[in-house]
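The values are calculated or read from the model by the stated rules, or taken from the named source; none is laboratory data. This is a predicted model, so every value here is computed, not measured. Note that we place each Cβ from the backbone using ideal geometry, even for glycine, and neighbour counts take in every protein chain shown. Note: areas computed on protein heavy atoms with side chains; ligands, DNA, RNA excluded. Shrake-Rupley method; radii C 1.70, N 1.55, O 1.52, S 1.80 Å.
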Amino acid sequence: MLIFIENTPRAYAWGSTDALPDMLGTAPTGEPQAELWLGTHPGSPAHVAKATPVQHTLIDLVESDPERYGVDGGPLPFLLKVLAIGAPLSLQVHPNREQAAEGFAAEEAAGVPRDARERNYCDPTHKPELLVALSEVTALSGFRDLANARADLLLLAAAARELGFLSGAEGFERAACRLVGREAGELRRTFLTWAFSGEPRIVKALSCLPEVLAAAESDAVGYWERAVDEGTVDPDRLAALRALAAAHPGDPGVLVSLLLHLVRLAPGEAIFLGAGQIHAYLGGVAVEVMASSDNVLRAGLTQKHVDIDELCRIVDTGELADPRFPAERLGHGLLAWRPAVPEFQLVRARLREAEAEAGAGYADADAAIRIDLPAEAPVVLVVTAGKVRVERPDARPAEVASARRGQSLYVSAGEPICITGHGEVFLATIGDGFGGPAAR
C-alpha cells in the first residue's frame, strides 16, 4: 500500500518560523515550527492523511495488521524527521543500547514519572541518528583536538584582559589550564564537570563573555577583527560563539562548545551521531533519521534538565577525526547513508523528466529518469523538491501515488517501487531494507 501520511510540526522554541511552512505549503503561524515527525513514535505519531472522518495514526495502522504494516510485528524501529533549525539546540548526547535499557529500568524502579522534568531515560532504546543537510547546516559535533580548544580559551582570556575584564580573563586562563596535564579523554570529562560546578572563576568568565564578544564588534575596539585578519581565530567559530553567548548568557555550554568541532554542511552532506557523541545543531534545514527513541542527556544551552554526572558517565570522550559521514552511490541519481546500525538507513533519489534539458533542475549527471527500489520492509518517504510519481507496478492491483514537495508516503512492505518525475525524495527504511536498487 502507498499511503499518504502527515503530521503537525513540533513547536520547539529553536524552530524556524517559515522553513517548514514553506516546504509544506502552509501559512506561517508566527510561532517556531521545529520538527516534522514521520513515524510511529508515540510522542508524535504521523497520521494517515484524510483517510476517514476519524483520525488514524501510523500506530493504529500498524496495530490493525502488524505483519503487513509493521516491522517484525511491531512499530517502525526508525523515525524520519524534517528539521527546521532557527536557533541552536541544546548540547546533548544519547545513550547506547545497554545504557538506555539500564537507565530506563532504574528510573522505572525508582518511580520517576515518565513526564518528570528530571527524567533522563524516556524509553529503553538507544538513539543513533543521521542528519543530511537540505540547506547549509551548522553544527557542533564531536570532540576536537584539545590544543585548538586551549588556543581559543587563551584568546578569550587575552581579549577579556585587554577590555578590562580581569576576573573573567583569569577564568578563561583557568579553563585553558584544565585542558593540560592528563590523558585527553579524562581532561574532557573533568572539564565538563568543572564547567557546571559553579566555581567563581568560571562564573566570572561566563558572565563577562557576551560583553567581551559584543564590545569587540564596535568601531572603537578591533581586537577580534585583528584576530581574524591574523588567522588566530576562525571567523565561523567567532560567529557561533557570539550567537551562543547572546542566546544563552551564563550557560556553561557556551564554553563546552569550544571543545567541539564546528562543522558547516553543504546541502547533501551528512553527519552520523553514534552513542555518546556530544553535539548540537545550530542552524539550517535538514532531513534526519534515527532509531525511534527520545533519550537525551543535555550538556547546556538549554533551560531543560541537565544531569552532568550522568552525561559524563555515558559521553564518549574520544577525539573525532571528521564529523562528516560519507554517502554510498547506489546508482544514477541515488545516494545512500548506511551507518552500522540495524534500525535505519537513508536514501536520496534525484529525478528528472526524460525530455528535460541538461542543467534544468536536476536534469544533470546526478539525476535519473527512473529509479527502481525494493521495498521488502516498510519505507517512509518525503518529497523535498519537485513532484514525483511513486508506483508499484507488480502489485495486484497496481498502486500509484503522485506526491509534491512537502508530502510524505508510508510504503508497506511488498513489491518493488518505481519513482519517476522531477525533484528530490528521501526514503528511510530499516538497515537492510533496500537491496540491489537500480536506476537509469
Being out of contact with any helix residue (DSSP H, G or I) (no Cβ under 9 Å at 6 or more places or on another chain) and without any contact (Cβ under 8 Å) to a residue 60 or more places away in the chain, is that true of even one residue in region 71-90?
-> no
Over region 61-82, the set of residues crowded, with 16+ Cβ neighbours inside 10 Å and either of a type outside the set (A, V, I, L, M, F, W, C) or over 16 Å from His41 (Cα atoms) (or both) is Tyr69, Gly70, Pro75, Pro77, Lys81
From the list Ala106, Ala101, which one is open to solvent by less than 70 Å² (accessible area, probe 1.4 Å), free of Cβ contacts under 8 Å to residues at least 40 places away in the same chain and over 27 Å from Ile271 (Cβ atoms)?
-> Ala106
Exactly one condition in (1) open to solvent by less than 50 Å² (accessible area, probe 1.4 Å); (2) within 17 Å of the chain's Cα centre (by Cα); (3) at pLDDT 95 or above is not met by Gly86; state its number.
-> (1)
When the residues of region 28-42 are filtered to those that are in contact with a helix residue (DSSP H, G or I) (Cβ under 9 Å, 6 or more places away or on another chain) and open to solvent by 30 Å² or more (accessible area, probe 1.4 Å), which remaining residue is farthest from Phe426 (Cα to Cα)?
-> Thr29
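For a quick check of your reading: which strands (runs of 3 or more DSSP E) sit entirely within region 243-323 and have at least 1 residues that are at negative phi, in contact with a strand residue (DSSP E or B) (Cβ under 6 Å, 6 or more places away or on another chain) and surrounded by fewer than 19 Cβ atoms within 10 Å (Cβ to Cβ)? I'd like the intermediate steps shown before the answer.
Numbers: elements: 260-265, 270-273, 279-291.
Of the strands (runs of 3 or more DSSP E) lying wholly inside region 243-323, those with at least 1 residues that are at negative phi, in contact with a strand residue (DSSP E or B) (Cβ under 6 Å, 6 or more places away or on another chain) and surrounded by fewer than 19 Cβ atoms within 10 Å (Cβ to Cβ) span 260-265.
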